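What follows is a set of notes on a single structure, which appears directly below.
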Protein chains: 2
Amino acid sequence: MTAPELERIYHRYLACLNAQAWLELGAFVHDSVIHNSRHLGLTGYRDMLKRDFIEIPDLHFKAELLIVQPPRLASRLHFNCTPRAKFLRIDVNGKKVSFAENVMYEFADGKIVRVWSVVDKAAIEAQLATPVPGSAA
Amino acid sequence: MTAPELERIYHRYLACLNAQAWLELGAFVHDSVIHNSRHLGLTGYRDMLKRDFIEIPDLHFKAELLIVQPPRLASRLHFNCTPRAKFLRIDVNGKKVSFAENVMYEFADGKIVRVWSVVDKAAIEAQLATPVPGSAA
């Protein structure tokens, strides 16, 4: 598979997530997918994503940077969203937050088989930090 | 520049960091480097790294996964180290922690000009979390 082909598949995968088209997820994600060392499988992976959308109703996946070397692809995802309550154990409670996720994927047979993801938790915490007392409003 | 050439430069860059060969850093890092939207420049970048080694004396950079598409490169770095006190605002206080950093670089003229980095803060917190009272030792 060429880099442009893999990039096209990845954009269709993100469109599938954004449409919450869960019945189509198996076209992009392998039955035995591993996410950050956890053997989720397609069902567990779908459950994780469904939970994300319940916790963050305005969740939207947008890639702002791609690095493609088949069979692998790295993506910097940018989020601008409103988690209802806790997210990554942070009490976000309906505030709007912006943050990045740097994520790497390995594909087999055109489907995602491994994911290595890191979400920028520190950026979210910084946005929710209480201003220093006495600082300008 | 080809992918194998860029990969070789990157490995030499990591060796430079691990040797704390600060006088050689300018061979790998551009004068006007930007790190996570901060215009650090070579001097600011070097200062950031020096500070990292003071705060984490046994810091060692090891790439466990590379995705290379010139002029960009993505790396998953694995750390197994002992921050003296606070790290990412977490009170690590001399405990050994293992964590990943997913980082993306853009090169120009063979040198790093942009860095987009996310460190897995949640993984560090999970390792330092107090066990639930009443759980098995």
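Since every read-out is calculated from the coordinates, none of them should be taken as a lab result. Because the structure is predicted, anything quoted here is derived from the model rather than measured. Positions of Cβ are backbone-derived with ideal geometry, glycine not excepted, and every protein chain shown enters the neighbour counts.
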Among B:GLY94, B:HIS60, B:ALA19, whose Cα lies farthest out toward the positive end of the dipole of chain B, if unit charges sit on the beta carbon of Lys, Arg (+1) and Asp, Glu (-1)? B:GLY94
Looking at region B:1-132, send over the antiparallel percent of its DSSP beta bridges, to the nearest 5. 90 percent
Position B:THR43, label points 7 Å along Cα→Cβ, spacing to each other copy in nm (shortest first, one decimal): 6.0
Considering only the label points, 7 Å along Cα→Cβ from Cα, what distances in nm to one decimal separate B:MET1 from the same position in each other copy, shortest first? 2.7
For region A:30-72, evaluate the Debye formula with one uniform point scatterer on each Cα (no solvent term) and list log10 I(q)/I(0) at q = 0.33 Å⁻¹, rounded to two decimals. -0.98
With one decimal in nm and the nearest listed first, the spacings from A:ASN18 to its own position in the other copies, using label points 7 Å along Cα-to-Cβ, are 4.1
Using only alpha carbon pairs under 8 Å that are at least six residues apart, calculate the relative contact order of chain A and give it in whole percent. 21 percent
In debye, nearest 20: dipole of chain A around its Cα centre with unit charges on the Cβ of K, R (+) and D, E (-)? 220 debye
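Given the DSSP H assignment, sum -39500 (n - 2.57) over each helix run of at least 4 residues in the protein assembly as shown and divide by its residue total; what's the result at 222 nm in deg cm²/dmol, nearest 500? Provide the component values of the computation, followed by the final result.
Values: 6 runs with 78 residues, N = 274.
Here the helix-only value at 222 nm equals -9000 deg cm²/dmol.
Pairs of Cα atoms under 8 Å, at least six residues apart: use those to get the relative contact order of region B:1-55, whole percent. Working shown, then result.
Working: 30 pairs, mean separation 12.3, N = 55.
The normalised contact order for region B:1-55 reaches 22 percent.
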Send over the Kirkwood Rh of the protein assembly as shown, from the inverse of the averaged 1/r over different Cα pairs, rounded to one decimal Å. 20.2 Å
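Going down the list A:LYS50/A:LYS86; A:LYS95/B:LYS86; A:LYS86/B:LYS62; B:LYS50/B:LYS96; A:LYS50/A:LYS95; A:LYS62/A:LYS95, which pairs span over 22 Å between their C-alpha atoms?
On the way: A:LYS50/A:LYS86 16 Å; A:LYS95/B:LYS86 27 Å; A:LYS86/B:LYS62 33 Å; B:LYS50/B:LYS96 20 Å; A:LYS50/A:LYS95 20 Å; A:LYS62/A:LYS95 20 Å.
Beyond 22 Å between Cα atoms: A:LYS95/B:LYS86; A:LYS86/B:LYS62.
If the only charges are +1 at each Lys and Arg Cβ and -1 at each Asp and Glu Cβ, what is the size of the charge dipole of the protein assembly as shown around the Cα centre, to the nearest 20 debye?
460 debye
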Based on a Kirkwood Rh over C-alpha pairs, give the Stokes-Einstein translational diffusion coefficient of chain A at 20 °C and viscosity 1.002 mPa s in µm²/s. 134 µm²/s
